[in-house]
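Quick note: the coordinates plus some simple rules give every number you see, no bench work behind them. Treat the numbers as computed from the prediction; the structure is a model and nothing was measured. Neighbour counts run over all protein chains shown; Cβ positions are idealised from the backbone, glycine included.
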Amino acid sequence: MNHELRIYNSLTNKKEIFKELIPGKVGIYVCGPTVYSSSHMGHARSAIVFDLIIRFLKFVGYQTKYVRNFTDVDDKIIAKAAEEGIAVEKIANKYKLEYLEDVKNLGCLSPDFQPCVSENINEIIELIKKIIASGYGYVVAGEVYYNISKFSDYGKLSNQSTDSMLSHTRLEINPNKKNDLDFALWKSSKEGDPSWNSPWGKGRPGWHIECSSMSTKYLGETFDIHGGGRDLIFPHHENEIAQSECTSNEKFANYWIHNGLININKEKMSKSIGNIVNIQDALKIWNKNIIKIFFLTHHYRTPVDLSSEKLKEIKKTLIKIKKKISDTKNIRERKMDDFRKLWINAMRDDFNSAKAFGYYFKYINERALTKSNIDLIEEFEITMGIFGWRNEINDDTSSEESFEQKFDQERIQKIILERNMARQIKNWKKADDLRLQAEELGIELIDTKNGTSWKRK
RNA sequence: GGCGGUGUAGCCAAGUGGUAAGGCGCCGGUCUGCAAAACCGUUAUACCCCGGUUCGAAUCCGGGCACCGCCUCCA
């Protein structure tokens, strides 16, 4: 059996055998949110994917050091603060706390470190000084830019030549820049903006530099894994590499892991379309495990289409599975290779949780469950970060309660009463007519020993 | 235009050389006054198209086509 862990490295666009820098230890840095609005399902996916990766790395015996930052100094936050007439720090703090609450509510493990830009200004200034001293940065009118033409590897992550990047750019020409692709390391700030003193005047860090600085601070100049959403490959991660490698002369991150983005009902989730789904709103309707399992039944690199229909499907599956697990009789035993070995191997191959869940569903469906089988199932659930879901997911359509309350309760009760009277005297024609009436209201009647209940159709 | 990704049943989704996991749905059966739930069973001669390599390809190579993402600070 092959015990190696294989990871798709966005830097080489290949699956590679994972080799850690220090035996038994893994350092991982993931780009967290810019805190200027409530976090959405894209953030959720990223948090869930990297939570899975951390859990699995721990499971196979690695000691992990997991760092996820907050970008709390940024143009977007400043703009939002101006729009709402609230202090920049308050906006940043509000959304930072919200994010922490959201990922906690999703049942994700906390990173070991969650640094903020505002708390690392000195480190950032020192790094910018080093970049200037190495000849890669230049100062113009109180601002510092990175000179990409000096860094010969520029474009190695996104696989682009600087020429081709320029050929189709929407970039506005900035006369202060030596090259159009140069980016700001330090920006001078307008009156009222958050600002710090620096050798170049009052200002604040540009986007990108914080991640170079903070990853190095916690993990060293070279570390094992750098993660984030696919959309960050260019320019953000490309620029991080340029900033870090020009001063260290070392490779920045050995493996780059990028999770796929999400669509909502087949459309790109975006502000302009107005279809952003917040984590908070999703959690009001769906149990966290449904959301997690939805994401985990897709491979982390593929784009995913999110819709309530798909979440309902997951819920249905889970309710069935839950009943299977509690029913130890009545299940036919079939041949299946070692479940534990199968799912671990799936996960060793670029964290293929979708495949692993296939085995999980199959195993539960085809096993007479014994104590040891349950132990195996629970081991899987713990590693995937869904342990306890069976106590949290009910088949009482509770997730649709808010929807159901909009129905005319009185009228439904009247139909049920009338129909049951008809059923007692075996007037089936009338009973069926009343069932149809209920269906026209969009609900379905369910007869049980304990009476008649109903649910949304 | 450049770079990257994707294309597998009605829908979703695994599968990197050995003859198509899993889920939802559909259909049939048991059960039920009828339904629902549950349970049992069925459901891709076939993996966008055309060539090639191979004893053998969804999987590798070449050429197309289609869709999606990124291409600088939120557009």
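A few notes on this one:
- Unmet requirement for A:L283, which otherwise passes all of (1) of a type outside the set (G, A, S); (2) over 24 Å from A:V26 (Cβ atoms); (3) assigned to a strand (DSSP E or B): (3)
- Top-ranked residue in the range A:123-148 [being within 19 Å of A:F252 (Cβ to Cβ) and within 15 Å of RNA strand B (Cβ to nearest atom); ranked as surrounded by the most Cβ atoms within 10 Å (Cβ to Cβ)]: A:Y146
- The range A:240-259 - residue that is polar (S, T, N, Q) and over 16 Å from A:F151 (Cβ atoms) and, of those, surrounded by the most Cβ atoms within 10 Å (Cβ to Cβ): A:N259
- Total residues in the range A:270-306 satisfying the condition of being charged (D, E, K, R) and closer than 16 Å to A:L106 by Cα: the figure is 4.
- Listed by position, the strands (runs of 3 or more DSSP E) inside the range A:1-88 whose residues that are more than 24 Å from A:Q114 (Cα to Cα) and of a type outside the set (D, E, K, R) number at least 1 are A:6-9, A:14-17.
- Members of the range A:273-321 that are closer than 21 Å to A:P33 by Cα, within 10 Å of RNA strand B (Cβ to nearest atom) and β-branched (V, I, T): A:I273, A:T302, A:V304
- Candidates in the range A:130-168 are the residues that are without any contact (Cβ under 8 Å) to a residue 12 or more places away in the chain and polar (S, T, N, Q); of these, the one that is farthest from A:S10 (Cα to Cα) is A:S167.
- Any hit, the range A:95-106, residues being within 18 Å of A:S353 (Cα to Cα) and either more than 16 Å from RNA strand B (Cβ to nearest atom) or part of a helix (DSSP H, G or I) (or both): yes
- Of the residues A:R55, A:R68, the single one that is of a type in the set (K, R), under 25 Å from A:A184 (Cα atoms) and under 15 Å from the mean Cα position of the chain (by Cα) is A:R68.
- When the residues of the range A:337-364 are filtered to those that are in contact with a Lys or Arg (Cβ under 6 Å, 6 or more places away or on another chain) and part of a helix (DSSP H, G or I), the one that is farthest from RNA strand B (Cβ to nearest atom) is A:I364.
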